[in-house]
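The values are calculated or read from the model by the stated rules, or taken from the named source; none is laboratory data. Only a predicted model underlies this, so the values are computations on that prediction, with no experimental measurement involved. When we count neighbours, we look across all protein chains shown, and the Cβ atoms used for this are built from the backbone with ideal geometry, even at glycine.
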(Lines give C-alpha, C1' and ligand atoms only; values in the text may rest on other atoms or scores of the structure.)
Protein backbone atom coordinates (compact mmCIF):
# COMPACT_ATOMS: atom_id res chain seq x y z
CA UNK A 1 0.00 0.00 0.00
CA UNK A 2 1.91 3.00 -1.18
CA UNK A 3 -0.70 5.28 -2.65
CA UNK A 4 -4.44 5.17 -2.68
CA UNK A 5 -6.77 6.14 -5.48
CA UNK A 6 -7.64 9.42 -3.79
CA UNK A 7 -4.14 10.77 -4.58
CA UNK A 8 -4.86 10.52 -8.29
CA UNK A 9 -8.27 12.12 -7.90
CA UNK A 10 -6.66 15.27 -6.52
CA UNK A 11 -4.74 15.79 -9.77
CA UNK A 12 -7.53 14.80 -12.11
CA UNK A 13 -8.80 17.42 -14.60
CA UNK A 14 -12.30 16.03 -14.00
CA UNK A 15 -12.09 17.19 -10.40
CA UNK A 16 -13.49 20.56 -11.50
CA UNK A 17 -16.64 18.98 -12.89
CA UNK A 18 -19.97 18.83 -11.12
CA UNK A 19 -20.08 16.15 -8.43
CA UNK A 20 -23.70 15.20 -8.96
CA UNK A 21 -23.08 14.68 -12.67
CA UNK A 22 -20.16 12.32 -11.95
CA UNK A 23 -22.16 10.42 -9.36
CA UNK A 24 -25.09 10.13 -11.78
CA UNK A 25 -22.80 8.70 -14.48
CA UNK A 26 -21.29 6.21 -12.03
CA UNK A 27 -24.56 5.02 -10.51
CA UNK A 28 -26.17 4.78 -13.93
CA UNK A 29 -23.34 2.59 -15.20
CA UNK A 30 -23.37 0.37 -12.11
CA UNK A 31 -27.14 -0.17 -12.12
CA UNK A 32 -27.45 -0.78 -15.87
CA UNK A 33 -24.40 -3.02 -15.87
CA UNK A 34 -25.62 -5.15 -13.00
CA UNK A 35 -29.14 -5.51 -14.45
CA UNK A 36 -27.92 -6.60 -17.85
CA UNK A 37 -28.34 -10.26 -18.76
CA UNK A 38 -25.98 -10.13 -21.67
CA UNK A 39 -22.24 -9.47 -21.49
CA UNK A 40 -22.42 -6.88 -24.30
CA UNK A 41 -23.85 -3.95 -22.31
CA UNK A 42 -21.36 -4.23 -19.42
CA UNK A 43 -18.61 -4.43 -22.00
CA UNK A 44 -19.76 -1.17 -23.66
CA UNK A 45 -20.02 0.52 -20.24
CA UNK A 46 -16.56 -0.67 -19.25
CA UNK A 47 -15.13 0.57 -22.54
CA UNK A 48 -16.73 4.03 -22.23
CA UNK A 49 -15.77 4.44 -18.59
CA UNK A 50 -12.20 3.31 -19.17
CA UNK A 51 -11.81 5.72 -22.08
CA UNK A 52 -13.27 8.52 -19.96
CA UNK A 53 -10.93 7.73 -17.07
CA UNK A 54 -7.78 7.42 -19.17
CA UNK A 55 -8.55 10.17 -21.71
CA UNK A 56 -10.31 12.84 -19.63
CA UNK A 57 -9.01 12.04 -16.17
CA UNK A 58 -5.42 11.53 -17.44
CA UNK A 59 -4.77 8.34 -15.50
CA UNK A 60 -1.74 6.41 -16.81
CA UNK A 61 -2.80 3.27 -18.67
CA UNK A 62 -0.36 1.02 -16.77
CA UNK A 63 -1.73 2.17 -13.42
CA UNK A 64 -5.30 1.71 -14.62
CA UNK A 65 -4.66 -1.88 -15.70
CA UNK A 66 -2.88 -2.59 -12.43
CA UNK A 67 -5.76 -1.46 -10.22
CA UNK A 68 -8.25 -3.21 -12.49
CA UNK A 69 -6.37 -6.47 -11.85
CA UNK A 70 -6.50 -6.02 -8.06
CA UNK A 71 -9.73 -7.96 -7.49
CA UNK A 72 -8.71 -10.61 -10.02
CA UNK A 73 -8.02 -13.33 -7.44
CA UNK A 74 -11.42 -13.32 -5.82
CA UNK A 75 -13.29 -12.75 -9.06
CA UNK A 76 -11.58 -15.52 -11.05
CA UNK A 77 -12.01 -18.12 -8.29
CA UNK A 78 -15.68 -17.25 -7.89
CA UNK A 79 -16.30 -17.19 -11.62
CA UNK A 80 -14.80 -20.69 -11.97
CA UNK A 81 -17.07 -21.94 -9.19
CA UNK A 82 -20.10 -20.38 -10.88
CA UNK A 83 -19.12 -21.95 -14.22
CA UNK A 84 -18.95 -25.41 -12.66
CA UNK A 85 -21.92 -25.30 -10.34
CA UNK A 86 -24.44 -22.85 -11.63
CA UNK A 87 -26.69 -23.14 -14.65
CA UNK A 88 -28.04 -25.95 -16.72
CA UNK A 89 -27.95 -26.95 -20.37
CA UNK A 90 -25.77 -29.27 -22.36
CA UNK A 91 -22.36 -30.06 -20.93
CA UNK A 92 -19.39 -28.58 -22.75
CA UNK A 93 -16.67 -30.44 -20.93
CA UNK A 94 -16.30 -32.25 -17.62
CA UNK A 95 -14.33 -34.79 -15.64
CA UNK A 96 -14.77 -37.28 -12.80
CA UNK A 97 -13.13 -36.67 -9.47
CA UNK A 98 -13.68 -38.70 -6.31
CA UNK A 99 -16.85 -40.30 -7.75
CA UNK A 100 -18.25 -36.87 -8.51
CA UNK A 101 -19.03 -35.52 -11.91
CA UNK A 102 -17.72 -31.99 -12.42
CA UNK A 103 -18.93 -30.38 -15.62
CA UNK A 104 -19.33 -26.98 -17.20
CA UNK A 105 -22.70 -26.49 -18.85
CA UNK A 106 -23.56 -23.83 -21.40
CA UNK A 107 -25.79 -22.12 -18.84
CA UNK A 108 -23.03 -22.09 -16.24
CA UNK A 109 -20.44 -20.75 -18.65
CA UNK A 110 -22.79 -18.02 -19.86
CA UNK A 111 -23.57 -17.05 -16.29
CA UNK A 112 -19.86 -16.92 -15.43
CA UNK A 113 -19.09 -14.71 -18.44
CA UNK A 114 -21.95 -12.34 -17.64
CA UNK A 115 -20.81 -12.04 -14.02
CA UNK A 116 -17.24 -11.40 -15.15
CA UNK A 117 -18.42 -8.68 -17.54
CA UNK A 118 -20.62 -7.10 -14.86
CA UNK A 119 -17.76 -7.02 -12.38
CA UNK A 120 -15.41 -5.39 -14.87
CA UNK A 121 -18.01 -2.80 -15.84
CA UNK A 122 -18.86 -2.09 -12.20
CA UNK A 123 -15.20 -1.70 -11.29
CA UNK A 124 -14.57 0.69 -14.20
CA UNK A 125 -17.54 2.83 -13.14
CA UNK A 126 -16.24 2.89 -9.59
CA UNK A 127 -12.76 3.84 -10.78
CA UNK A 128 -14.24 6.62 -12.89
CA UNK A 129 -15.65 8.15 -9.71
CA UNK A 130 -12.79 7.47 -7.34
CA UNK A 131 -10.08 8.58 -9.77
CA UNK A 132 -11.82 11.85 -10.59
CA UNK A 133 -13.46 12.91 -7.32
CA UNK A 134 -11.50 13.50 -4.11
CA UNK A 135 -13.26 12.50 -0.92
CA UNK A 136 -13.63 16.16 0.10
CA UNK A 137 -15.96 16.75 -2.83
CA UNK A 138 -18.03 13.74 -1.83
CA UNK A 139 -18.45 15.19 1.65
CA UNK A 140 -20.31 18.13 0.09
CA UNK A 141 -22.64 15.62 -1.51
CA UNK A 142 -23.08 13.79 1.81
CA UNK A 143 -23.85 17.07 3.56
CA UNK A 144 -26.55 17.83 1.02
CA UNK A 145 -28.23 14.50 1.73
CA UNK A 146 -29.96 13.76 5.00
CA UNK A 147 -27.30 11.73 6.76
CA UNK A 148 -26.97 12.65 10.45
CA UNK A 149 -24.28 15.18 11.29
CA UNK A 150 -22.46 12.83 13.66
CA UNK A 151 -22.06 10.28 10.87
CA UNK A 152 -20.55 12.83 8.48
CA UNK A 153 -18.32 14.26 11.21
CA UNK A 154 -16.94 10.82 12.00
CA UNK A 155 -16.46 10.05 8.31
CA UNK A 156 -14.56 13.31 7.78
CA UNK A 157 -12.28 12.94 10.78
CA UNK A 158 -11.67 9.33 9.90
CA UNK A 159 -10.62 10.37 6.42
CA UNK A 160 -8.09 12.78 7.87
CA UNK A 161 -6.69 10.25 10.32
CA UNK A 162 -6.38 7.44 7.83
CA UNK A 163 -3.46 9.33 6.29
CA UNK A 164 -1.89 10.17 9.63
CA UNK A 165 -1.95 6.56 10.84
CA UNK A 166 -0.94 5.17 7.49
CA UNK A 167 2.21 7.25 7.66
CA UNK A 168 2.90 6.19 11.25
CA UNK A 169 2.32 2.55 10.36
CA UNK A 170 4.66 2.73 7.37
CA UNK A 171 7.34 4.41 9.49
CA UNK A 172 7.12 1.77 12.21
CA UNK A 173 7.15 -0.97 9.63
CA UNK A 174 10.33 0.33 7.98
CA UNK A 175 11.99 0.71 11.37
CA UNK A 176 11.03 -2.84 12.28
CA UNK A 177 12.13 -4.23 8.93
CA UNK A 178 15.63 -2.77 9.07
CA UNK A 179 15.99 -4.31 12.53
CA UNK A 180 15.08 -7.72 11.02
CA UNK A 181 11.64 -7.56 12.62
CA UNK A 182 10.14 -9.53 9.75
CA UNK A 183 12.85 -12.16 9.31
CA UNK A 184 10.60 -15.14 10.00
CA UNK A 185 7.04 -15.96 10.91
CA UNK A 186 7.41 -15.71 14.68
CA UNK A 187 9.18 -12.37 14.72
CA UNK A 188 6.92 -10.85 12.11
CA UNK A 189 3.93 -11.84 14.18
CA UNK A 190 5.42 -10.20 17.27
CA UNK A 191 6.31 -7.09 15.27
CA UNK A 192 2.79 -6.84 13.86
CA UNK A 193 1.39 -7.05 17.37
CA UNK A 194 3.66 -4.30 18.65
CA UNK A 195 2.87 -2.08 15.69
CA UNK A 196 -0.88 -2.64 16.09
CA UNK A 197 -0.66 -1.75 19.77
CA UNK A 198 1.36 1.41 19.41
CA UNK A 199 -0.89 2.45 16.55
CA UNK A 200 -3.97 1.85 18.68
CA UNK A 201 -2.65 3.71 21.69
CA UNK A 202 -1.35 6.55 19.55
CA UNK A 203 -4.68 6.75 17.74
CA UNK A 204 -6.49 6.96 21.03
CA UNK A 205 -4.27 9.70 22.45
CA UNK A 206 -4.56 11.57 19.18
CA UNK A 207 -8.33 11.38 19.46
CA UNK A 208 -8.30 12.83 22.96
CA UNK A 209 -5.98 15.64 21.89
CA UNK A 210 -8.14 16.31 18.87
CA UNK A 211 -11.20 16.69 21.06
CA UNK A 212 -9.44 19.16 23.36
CA UNK A 213 -8.05 21.21 20.50
CA UNK A 214 -11.36 21.31 18.66
CA UNK A 215 -13.25 22.23 21.80
CA UNK A 216 -10.90 25.10 22.43
CA UNK A 217 -11.76 26.34 18.95
CA UNK A 218 -15.51 26.33 19.69
CA UNK A 219 -16.40 23.02 18.03
CA UNK A 220 -20.14 22.55 18.37
CA UNK A 221 -20.66 19.27 16.56
CA UNK A 222 -20.53 20.41 12.98
CA UNK A 223 -17.82 21.31 10.53
CA UNK A 224 -18.77 24.10 8.18
CA UNK A 225 -17.22 23.71 4.76
CA UNK A 226 -17.06 26.26 2.01
CA UNK A 227 -18.27 24.49 -1.07
CA UNK A 228 -16.96 25.35 -4.50
CA UNK A 229 -19.70 25.45 -7.07
CA UNK A 230 -19.08 23.56 -10.27
CA UNK A 231 -21.93 24.37 -12.67
CA UNK A 232 -22.75 21.81 -15.35
CA UNK A 233 -21.89 22.93 -18.87
CA UNK A 234 -24.06 22.28 -21.91
CA UNK A 235 -21.35 20.23 -23.61
CA UNK A 236 -21.11 17.93 -20.58
CA UNK A 237 -24.88 17.42 -20.53
CA UNK A 238 -24.84 16.58 -24.24
CA UNK A 239 -21.97 14.12 -23.87
CA UNK A 240 -23.52 12.45 -20.83
CA UNK A 241 -26.93 12.13 -22.47
CA UNK A 242 -25.33 10.68 -25.59
CA UNK A 243 -23.59 8.11 -23.40
CA UNK A 244 -26.81 7.27 -21.52
CA UNK A 245 -28.76 6.89 -24.77
CA UNK A 246 -26.04 4.72 -26.33
CA UNK A 247 -25.94 2.40 -23.31
CA UNK A 248 -29.73 2.15 -23.09
CA UNK A 249 -30.04 1.41 -26.82
CA UNK A 250 -27.37 -1.29 -26.57
CA UNK A 251 -29.06 -2.62 -23.43
CA UNK A 252 -32.40 -2.88 -25.29
CA UNK A 253 -31.10 -4.54 -28.44
CA UNK A 254 -28.65 -6.98 -26.86
CA UNK A 255 -30.80 -8.06 -23.93
CA UNK A 256 -31.06 -11.64 -25.23
CA UNK A 257 -27.68 -12.00 -26.85
CA UNK A 258 -25.33 -14.46 -25.18
CA UNK A 259 -21.81 -15.29 -26.22
CA UNK A 260 -22.35 -19.05 -26.38
CA UNK B 1 -14.05 -11.14 2.42
CA UNK B 2 -15.37 -8.46 0.12
CA UNK B 3 -17.79 -9.16 -2.69
CA UNK B 4 -16.68 -7.05 -5.61
CA UNK B 5 -18.69 -4.51 -7.53
CA UNK B 6 -21.20 -5.95 -9.98
CA UNK B 7 -20.83 -9.48 -8.67
CA UNK B 8 -24.26 -9.94 -7.13
CA UNK B 9 -27.14 -9.96 -9.65
CA UNK B 10 -30.59 -8.49 -9.07
CA UNK B 11 -32.55 -9.03 -6.86
CA UNK B 12 -29.85 -10.09 -4.41
CA UNK B 13 -27.95 -6.84 -4.10
CA UNK B 14 -31.19 -4.95 -3.46
CA UNK B 15 -32.30 -7.53 -0.89
CA UNK B 16 -29.06 -7.17 1.07
CA UNK B 17 -29.56 -3.42 1.11
CA UNK B 18 -33.06 -4.01 2.49
CA UNK B 19 -31.46 -6.16 5.20
CA UNK B 20 -28.66 -3.71 6.04
CA UNK B 21 -30.36 -0.31 5.94
CA UNK B 22 -32.61 -0.77 9.04
CA UNK B 23 -29.65 -2.03 11.09
CA UNK B 24 -27.49 0.89 9.96
CA UNK B 25 -30.31 3.30 10.82
CA UNK B 26 -30.55 1.76 14.27
CA UNK B 27 -26.76 2.08 14.58
CA UNK B 28 -26.93 5.75 13.62
CA UNK B 29 -29.70 6.30 16.14
CA UNK B 30 -27.54 4.74 18.85
CA UNK B 31 -24.57 6.77 17.67
CA UNK B 32 -26.54 10.04 17.80
CA UNK B 33 -27.73 9.23 21.30
CA UNK B 34 -24.20 8.43 22.44
CA UNK B 35 -22.83 11.60 20.84
CA UNK B 36 -25.44 13.73 22.60
CA UNK B 37 -24.48 12.22 25.95
CA UNK B 38 -20.70 12.20 25.51
CA UNK B 39 -19.55 14.60 22.85
CA UNK B 40 -15.91 13.60 23.24
CA UNK B 41 -16.79 10.25 21.69
CA UNK B 42 -16.85 11.70 18.13
CA UNK B 43 -13.08 12.12 17.66
CA UNK B 44 -12.47 8.88 19.53
CA UNK B 45 -14.77 6.91 17.25
CA UNK B 46 -13.22 8.62 14.23
CA UNK B 47 -9.69 7.61 15.16
CA UNK B 48 -10.93 4.12 16.02
CA UNK B 49 -12.47 3.88 12.55
CA UNK B 50 -9.27 5.11 10.95
CA UNK B 51 -7.37 2.51 12.98
CA UNK B 52 -9.67 -0.22 11.65
CA UNK B 53 -9.08 1.00 8.11
CA UNK B 54 -5.29 1.06 8.49
CA UNK B 55 -5.29 -2.32 10.25
CA UNK B 56 -7.38 -3.83 7.47
CA UNK B 57 -5.02 -2.52 4.80
CA UNK B 58 -1.96 -4.13 6.41
CA UNK B 59 -0.85 -7.48 5.15
CA UNK B 60 -0.77 -10.22 7.74
CA UNK B 61 2.15 -12.62 7.74
CA UNK B 62 0.51 -15.59 6.11
CA UNK B 63 1.33 -19.26 6.25
CA UNK B 64 -0.16 -20.24 2.91
CA UNK B 65 1.51 -17.41 1.04
CA UNK B 66 -1.73 -15.85 -0.13
CA UNK B 67 -2.30 -12.22 0.73
CA UNK B 68 -4.61 -11.84 3.67
CA UNK B 69 -5.85 -8.79 5.49
CA UNK B 70 -7.43 -8.55 8.92
CA UNK B 71 -10.94 -7.12 9.07
CA UNK B 72 -10.68 -5.47 12.47
CA UNK B 73 -14.43 -5.66 12.94
CA UNK B 74 -14.21 -8.24 15.73
CA UNK B 75 -12.01 -5.93 17.77
CA UNK B 76 -14.37 -3.00 17.16
CA UNK B 77 -17.34 -5.11 18.24
CA UNK B 78 -15.63 -6.02 21.52
CA UNK B 79 -14.68 -2.38 22.16
CA UNK B 80 -17.77 -0.47 21.01
CA UNK B 81 -20.61 -2.97 20.68
CA UNK B 82 -22.25 -4.15 17.47
CA UNK B 83 -24.56 -1.19 16.71
CA UNK B 84 -21.75 1.38 16.55
CA UNK B 85 -19.47 -1.11 14.80
CA UNK B 86 -22.00 -1.42 11.99
CA UNK B 87 -21.83 2.33 11.33
CA UNK B 88 -18.01 2.37 11.52
CA UNK B 89 -17.98 -0.69 9.26
CA UNK B 90 -20.15 1.13 6.73
CA UNK B 91 -17.74 4.08 6.56
CA UNK B 92 -14.71 1.78 6.34
CA UNK B 93 -16.33 -0.23 3.55
CA UNK B 94 -17.17 2.91 1.56
CA UNK B 95 -13.56 4.08 1.91
CA UNK B 96 -12.22 0.67 0.94
CA UNK B 97 -14.44 0.64 -2.15
CA UNK B 98 -13.38 4.13 -3.21
CA UNK B 99 -9.69 4.15 -2.23
CA UNK B 100 -8.51 0.56 -2.50
CA UNK B 101 -11.09 -0.85 -4.93
CA UNK B 102 -12.04 -3.52 -2.39
CA UNK B 103 -15.79 -4.14 -2.53
CA UNK B 104 -18.21 -1.90 -4.35
CA UNK B 105 -21.29 0.28 -4.26
CA UNK B 106 -23.98 -2.12 -5.47
CA UNK B 107 -22.54 -4.86 -3.24
CA UNK B 108 -22.21 -2.47 -0.28
CA UNK B 109 -25.41 -3.79 1.27
CA UNK B 110 -24.17 -7.37 1.15
CA UNK B 111 -20.71 -6.46 2.44
CA UNK B 112 -22.11 -4.40 5.30
CA UNK B 113 -24.41 -7.31 6.17
CA UNK B 114 -21.54 -9.80 6.41
CA UNK B 115 -18.63 -7.68 7.71
CA UNK B 116 -20.43 -4.91 9.56
CA UNK B 117 -23.51 -6.56 11.00
CA UNK B 118 -23.62 -10.36 11.34
CA UNK B 119 -19.92 -10.94 12.09
CA UNK B 120 -19.58 -8.26 14.79
CA UNK B 121 -22.96 -9.13 16.29
CA UNK B 122 -22.05 -12.80 16.78
CA UNK B 123 -18.60 -11.83 18.07
CA UNK B 124 -20.14 -9.46 20.59
CA UNK B 125 -22.70 -12.00 21.75
CA UNK B 126 -19.94 -14.57 22.19
CA UNK B 127 -17.71 -12.11 24.03
CA UNK B 128 -20.47 -11.15 26.45
CA UNK B 129 -21.49 -14.75 27.10
CA UNK B 130 -17.91 -15.90 27.65
CA UNK B 131 -17.19 -12.94 29.92
CA UNK B 132 -20.18 -13.98 32.06
CA UNK B 133 -18.67 -17.42 32.67
CA UNK B 134 -15.29 -15.82 33.49
CA UNK B 135 -13.34 -17.02 30.51
CA UNK B 136 -9.79 -15.70 30.36
CA UNK B 137 -9.96 -12.25 28.72
CA UNK B 138 -7.28 -12.89 26.09
CA UNK B 139 -8.70 -16.27 25.12
CA UNK B 140 -12.11 -14.63 24.90
CA UNK B 141 -10.83 -11.84 22.62
CA UNK B 142 -9.02 -14.39 20.47
CA UNK B 143 -12.11 -16.56 20.05
CA UNK B 144 -14.49 -13.63 19.53
CA UNK B 145 -12.30 -12.07 16.83
CA UNK B 146 -11.70 -15.36 15.05
CA UNK B 147 -15.43 -16.07 15.26
CA UNK B 148 -16.21 -12.68 13.70
CA UNK B 149 -13.99 -13.56 10.73
CA UNK B 150 -15.46 -17.02 10.31
CA UNK B 151 -19.03 -15.82 10.55
CA UNK B 152 -18.25 -13.10 8.01
CA UNK B 153 -16.86 -15.67 5.64
CA UNK B 154 -19.78 -18.06 6.10
CA UNK B 155 -22.23 -15.22 5.45
CA UNK B 156 -20.32 -14.20 2.32
CA UNK B 157 -20.40 -17.78 1.05
CA UNK B 158 -24.13 -17.89 1.78
CA UNK B 159 -24.66 -14.67 -0.14
CA UNK B 160 -22.77 -16.01 -3.13
CA UNK B 161 -24.51 -19.38 -3.00
CA UNK B 162 -27.96 -17.76 -2.78
CA UNK B 163 -27.17 -15.64 -5.81
CA UNK B 164 -25.56 -18.47 -7.79
CA UNK B 165 -27.13 -21.78 -6.70
CA UNK B 166 -26.09 -24.97 -8.46
CA UNK B 167 -28.42 -25.97 -11.25
CA UNK B 168 -29.45 -22.40 -12.02
CA UNK B 169 -32.65 -22.29 -9.97
CA UNK B 170 -32.75 -21.69 -6.24
CA UNK B 171 -33.39 -25.05 -4.56
CA UNK B 172 -32.22 -26.32 -1.19
CA UNK B 173 -29.87 -28.90 -2.69
CA UNK B 174 -28.60 -26.44 -5.30
CA UNK B 175 -27.93 -23.87 -2.61
CA UNK B 176 -26.14 -26.42 -0.44
CA UNK B 177 -23.85 -27.78 -3.12
CA UNK B 178 -22.96 -24.26 -4.30
CA UNK B 179 -22.43 -23.13 -0.68
CA UNK B 180 -20.09 -26.06 -0.06
CA UNK B 181 -18.05 -25.12 -3.12
CA UNK B 182 -17.66 -21.46 -2.18
CA UNK B 183 -17.05 -22.23 1.49
CA UNK B 184 -14.46 -24.91 0.71
CA UNK B 185 -12.48 -22.75 -1.69
CA UNK B 186 -12.43 -19.68 0.55
CA UNK B 187 -11.68 -21.78 3.64
CA UNK B 188 -8.08 -22.20 2.45
CA UNK B 189 -7.42 -18.51 3.09
CA UNK B 190 -10.09 -17.62 5.64
CA UNK B 191 -9.51 -20.29 8.29
CA UNK B 192 -5.83 -19.47 8.94
CA UNK B 193 -6.55 -15.77 8.50
CA UNK B 194 -9.14 -15.78 11.27
CA UNK B 195 -6.76 -17.57 13.65
CA UNK B 196 -4.03 -15.06 12.83
CA UNK B 197 -6.28 -12.09 13.34
CA UNK B 198 -7.61 -13.49 16.61
CA UNK B 199 -4.09 -14.05 17.92
CA UNK B 200 -2.99 -10.60 16.76
CA UNK B 201 -5.96 -8.90 18.43
CA UNK B 202 -5.35 -10.79 21.66
CA UNK B 203 -1.68 -9.72 21.53
CA UNK B 204 -2.68 -6.09 20.95
CA UNK B 205 -5.08 -6.30 23.89
CA UNK B 206 -2.32 -7.73 26.05
CA UNK B 207 -0.03 -4.79 25.30
CA UNK B 208 -2.89 -2.32 25.77
CA UNK B 209 -3.70 -3.79 29.19
CA UNK B 210 -0.03 -3.50 30.16
CA UNK B 211 0.53 0.03 28.91
CA UNK B 212 -2.82 1.80 29.02
CA UNK B 213 -5.33 -0.30 30.93
CA UNK B 214 -7.39 2.74 31.97
CA UNK B 215 -8.42 3.16 28.35
CA UNK B 216 -10.31 -0.11 28.45
CA UNK B 217 -11.90 0.91 31.74
CA UNK B 218 -13.14 4.15 30.14
CA UNK B 219 -14.70 2.18 27.33
CA UNK B 220 -16.36 -0.10 29.89
CA UNK B 221 -14.79 -3.14 28.27
CA UNK B 222 -13.15 -4.21 31.51
CA UNK B 223 -13.39 -3.09 35.12
CA UNK B 224 -10.31 -1.83 36.92
CA UNK B 225 -10.39 -4.93 39.12
CA UNK B 226 -10.03 -7.17 36.08
CA UNK B 227 -7.21 -5.02 34.72
CA UNK B 228 -5.30 -5.32 37.99
CA UNK B 229 -5.89 -9.06 38.06
CA UNK B 230 -4.65 -9.40 34.46
CA UNK B 231 -1.61 -7.29 35.22
CA UNK B 232 -0.91 -9.30 38.33
CA UNK B 233 -1.02 -12.54 36.36
CA UNK B 234 1.77 -11.41 34.06
Inspect region A:151-158 for any residue being without any contact (Cβ under 8 Å) to a residue 40 or more places away in the chain and closer than 15 Å to residue B:54 by Cβ and give the result as yes or no.
yes
Single residue of B:171, B:189 found to be at the interface with another protein chain (Cβ under 10 Å from one of its Cβ atoms) and either under 21 Å from the mean Cα position of the chain (by Cα) or surrounded by 12 or more Cβ atoms within 10 Å (Cβ to Cβ) (or both):
B:189
Residues in region A:1-22 that are facing chain B (nearest Cβ under 10 Å) and either part of a helix (DSSP H, G or I) or in contact with a helix residue (DSSP H, G or I) (Cβ under 9 Å, 6 or more places away or on another chain) (or both): how many?
6
Could you check, for region A:57-76, whether at least one of its residues is within 19 Å of residue A:110 (Cα to Cα), under 15 Å from the mean Cα position of the chain (by Cα), in a helix (DSSP H, G or I) and at pLDDT 85 or above?
no
From A:211, A:159, A:243, A:182, grab the single residue that is modelled with pLDDT of 80 or more, under 20 Å from residue A:19 (Cβ atoms) and within 13 Å of another protein chain (Cβ to nearest Cβ).
A:159
Is it the case that region B:199-220 has a residue that's within 30 Å of residue B:11 (Cα to Cα), surrounded by 16 or more Cβ atoms within 10 Å (Cβ to Cβ) and touching a residue at least 60 places away in the same chain (Cβ under 8 Å)?
no
Any residue in region B:100-111 that is modelled with pLDDT under 90, at the interface with another protein chain (Cβ under 8 Å from one of its Cβ atoms), outside any loop (DSSP other than H, G, I, E, B) and farther than 19 Å from residue B:142 by Cα?
yes
